[in-house]
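Working notes for the structure below.
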Amino acid sequence: MEYIKRDLEAKIMSLVEDYSCILITGPRQVGKTTVLKNLMTDSREYVTLDDLEERKLAQKDPALFLQIHKMPVFIDEVQYAPELFSYIKIEIDKGAPASSFWLTGSQAFKLMELAQESLAGRVAILHMSSLSQHELYGSGENIPFRLDLTELKARGSRGTKCTMKEMYERIWQGSLPGYRSGKFRDREVFYSSYVQTYIDRDVSDIISGVDKLLFQDFIRAAACRVGQILNVHSIAGDVGVSDDTAKRWLQVLEKSDVIFYLRPYSNNLLKRTLKTPKLYFFDTGLVAYLTRYSSPEVLEAGAMNGAILENYVVAEIQKTYQNSAIDCLQWYYRDKDTVEIDMIIEQDGALHPIEVKKSINPENKIISSFSVLDKGHVPRGKGAVVCMRPELSALNADNYIVPIWMI
């Protein structure tokens, strides 16, 4: 199995010098444990709360648990024993040195809430996603995606060009380290096991007595709607559950980082905008598996080829920020006149509109919707069409054509 160097490593090693405790959150099987094990020295003890005896001790007697497992310690799957957070706080307040506690967990929302309640100002929280395009195919330093011409030119030297066929192969293969590193070679078995493990361990922990087969159908129904404005009633109808149940189950998928949303952009001057978010999955390989696309070629020719391409682009842009531990305001726009912009990045006091297209030679009319942002009070900055064109280009001085491989 090949270890794939993660862009977040540099940020982790920087923060462990300043904080007594760091917490890495993210979806199941994205490499949180692997990256920290790769960075830790022999002086640090590793303990996982997947071990039921260790979990029981951490829950029942957290003080004794921390006496047995001395600092510096790496506690994996810490979400199973939230009782530990108060005792870690005590150790930090008593003067625990930098890098004393390394924690990981796969229920990001719950963990961040617990950490912020118990360890406010004492913990550095980082989010790790699945492998980025840069980690799989690029080189050099990861830099957050910005519509700056100088930075875009520099990105070209750090990526790997690809054809349309190769891009859909990237999308179809997905970005989970277990499969992409070569540890597991059978893609169907890998994703099948991933879904079953997720439902058995994460979903069942959150929803007592959940119908596991029904929940799997629910994930598949959601996957069929990536890149679309969320329609809870439609998803619920496909599976045969109530709208309220569908809302709760979507919250579970979001809290466990299986899905994420782009929220709609609006302000007081743009009164006709829709208020419903757009739905995306963190891993396009999981989408392709759930929607039963048997090969990259079938996916490229299929009805979802545009939606899944958009999902890939939105997720990859987000990863460039997450892997630098930088927040980025990201939106989409659609109004009641059906004027739509796939993605908007708000940065440095300006709105940067982005359209995602499968085409190689996008036409000027594609960016006609960008002007709607001029009605707002935040100025419009540079825009872009992110597409399959092989080289960086431009439609005009204010709107670039950016190859997807360059993200």
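The values are calculated or read from the model by the stated rules, or taken from the named source; none is laboratory data. Since this is a predicted model, take the numbers as computed values, not measurements. Here the Cβ positions follow ideal geometry from the backbone for every residue, glycine too, while neighbour counts run over all protein chains shown. In case anyone asks, the SASA skips ligands and DNA or RNA and just uses the protein heavy atoms, side chains included. Shrake-Rupley method; radii C 1.70, N 1.55, O 1.52, S 1.80 Å.
Conditions: (1) part of a loop (DSSP other than H, G, I, E, B); (2) surrounded by 14 or more Cβ atoms within 10 Å (Cβ to Cβ); (3) free of Cβ contacts under 8 Å to residues at least 60 places away in the same chain. A303 meets all but one. Number of the miss?
Unmet for A303, out of (1) part of a loop (DSSP other than H, G, I, E, B); (2) surrounded by 14 or more Cβ atoms within 10 Å (Cβ to Cβ); (3) free of Cβ contacts under 8 Å to residues at least 60 places away in the same chain: (2).
Can you give me the ranges of the helices (runs of 4 or more DSSP H) entirely in the stretch 25-80 with at least 2 residues that are among the basic types (K, R), more than 17 Å from A96 (Cβ to Cβ) and modelled with pLDDT of 95 or more?
Details: elements: 32-39, 52-60, 62-68.
So the answer is 32-39, 52-60.
What number goes with the only condition from (1) of a type in the set (D, E, K, R); (2) farther than 16 Å from T320 by Cβ; (3) within 15 Å of the chain's Cα centre (by Cα) that E135 does not pass?
All conditions pass for E135, except number (2).
Can you tell me how many residues within the stretch 378-392 are part of a strand (DSSP E or B) and either of a type in the set (A, V, I, L, M) or open to solvent by less than 40 Å² (accessible area, probe 1.4 Å) (or both)? Reasoning before the result, please.
Going through the stretch 378-392, the residues part of a strand (DSSP E or B) turn out to be 380, 383-387.
Imposing the further condition that a residue be either of a type in the set (A, V, I, L, M) or open to solvent by less than 40 Å² (accessible area, probe 1.4 Å) (or both) reduces the set to 383-387.
Here the count works out to 5.
Listed here are the residues, each with its yes/no results for (1) aromatic (F, W, Y); (2) open to solvent by 60 Å² or more (accessible area, probe 1.4 Å); (3) within 21 Å of the chain's Cα centre (by Cα); (4) closer than 22 Å to K11 by Cβ.
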site	(1), (2), (3), (4)
P62	no, no, no, no
F65	yes, no, no, no
F74	yes, no, no, yes
V78	no, no, yes, yes
A81	no, no, no, no
I88	no, no, no, yes
L103	no, no, yes, yes
L126	no, no, yes, yes
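Can you tell me which of (1) among the hydrophobic types (A, V, I, L, M, F, W, C); (2) open to solvent by less than 80 Å² (accessible area, probe 1.4 Å); (3) modelled with pLDDT of 95 or more is the one V189 doesn't meet?
Here V189 clears every test but (2).
Taking A384, is it under 24 Å from Y137 (Cβ atoms) and either modelled with pLDDT of 95 or more or not hydroxyl-bearing (S, T, Y) (or both)? Write out each step before concluding.
Working: under 24 Å from Y137 (Cβ atoms): yes; either modelled with pLDDT of 95 or more or not hydroxyl-bearing (S, T, Y) (or both): yes.
In short, yes.
For the stretch 162-175, state whether one or more residues are outside any loop (DSSP other than H, G, I, E, B), surrounded by fewer than 16 Cβ atoms within 10 Å (Cβ to Cβ) and among the charged types (D, E, K, R).
Yes: the stretch 162-175 contains one or more residues that are outside any loop (DSSP other than H, G, I, E, B), surrounded by fewer than 16 Cβ atoms within 10 Å (Cβ to Cβ) and among the charged types (D, E, K, R).
Just one of I12, I22 is assigned to a helix (DSSP H, G or I), within 25 Å of S256 (Cα to Cα), open to solvent by less than 20 Å² (accessible area, probe 1.4 Å) and touching a residue at least 24 places away in the same chain (Cβ under 8 Å); which is it? Walk me through how you get there before you give the answer.
Numbers: I22 fails: assigned to a helix (DSSP H, G or I).
Going through I12, I22 in turn, the sole match is I12.
Kindly indicate which of M167, M128 is among the aliphatic types (A, V, I, L, M) and within 30 Å of A397 (Cβ to Cβ). Quick ask: steps written out before the conclusion?
Working: M128 fails: within 30 Å of A397 (Cβ to Cβ).
Step by step, each of M167, M128 is checked, and only M167 is among the aliphatic types (A, V, I, L, M) and within 30 Å of A397 (Cβ to Cβ).
Condition check: within 21 Å of S175 (Cβ to Cβ), open to solvent by 10 Å² or more (accessible area, probe 1.4 Å), in contact with a Leu (Cβ under 7 Å, 6 or more places away or on another chain) and not charged (D, E, K, R). Does Q318 satisfy that? Break it down stepwise before answering.
Working: within 21 Å of S175 (Cβ to Cβ): yes; open to solvent by 10 Å² or more (accessible area, probe 1.4 Å): yes; in contact with a Leu (Cβ under 7 Å, 6 or more places away or on another chain): no; not charged (D, E, K, R): yes.
So Q318 fails the test.
Return only the number of the condition from (1) among the acidic types (D, E); (2) within 23 Å of A154 (Cα to Cα); (3) open to solvent by 70 Å² or more (accessible area, probe 1.4 Å) that E363 does not satisfy.
With (1) among the acidic types (D, E); (2) within 23 Å of A154 (Cα to Cα); (3) open to solvent by 70 Å² or more (accessible area, probe 1.4 Å) applied to E363, the lone miss is (2).
Quick check on L131: is it in a loop (DSSP other than H, G, I, E, B), among the aliphatic types (A, V, I, L, M) and touching a Ser or Thr at 6+ places or on another chain (Cβ under 7 Å)? Before the answer, list the steps.
Numbers: in a loop (DSSP other than H, G, I, E, B): yes; among the aliphatic types (A, V, I, L, M): yes; touching a Ser or Thr at 6+ places or on another chain (Cβ under 7 Å): yes.
Considered against the rule, which asks whether it is in a loop (DSSP other than H, G, I, E, B), among the aliphatic types (A, V, I, L, M) and touching a Ser or Thr at 6+ places or on another chain (Cβ under 7 Å), L131 comes out as yes.
Quick check on this structure: which one of V239, V313, V226 is farther than 25 Å from S132 by Cβ and in contact with a helix residue (DSSP H, G or I) (Cβ under 9 Å, 6 or more places away or on another chain)? Break it down into steps so the answer makes sense when it comes.
Numbers: V313 fails: farther than 25 Å from S132 by Cβ; V226 fails: farther than 25 Å from S132 by Cβ.
Testing whether each residue is farther than 25 Å from S132 by Cβ and in contact with a helix residue (DSSP H, G or I) (Cβ under 9 Å, 6 or more places away or on another chain) leaves just V239.
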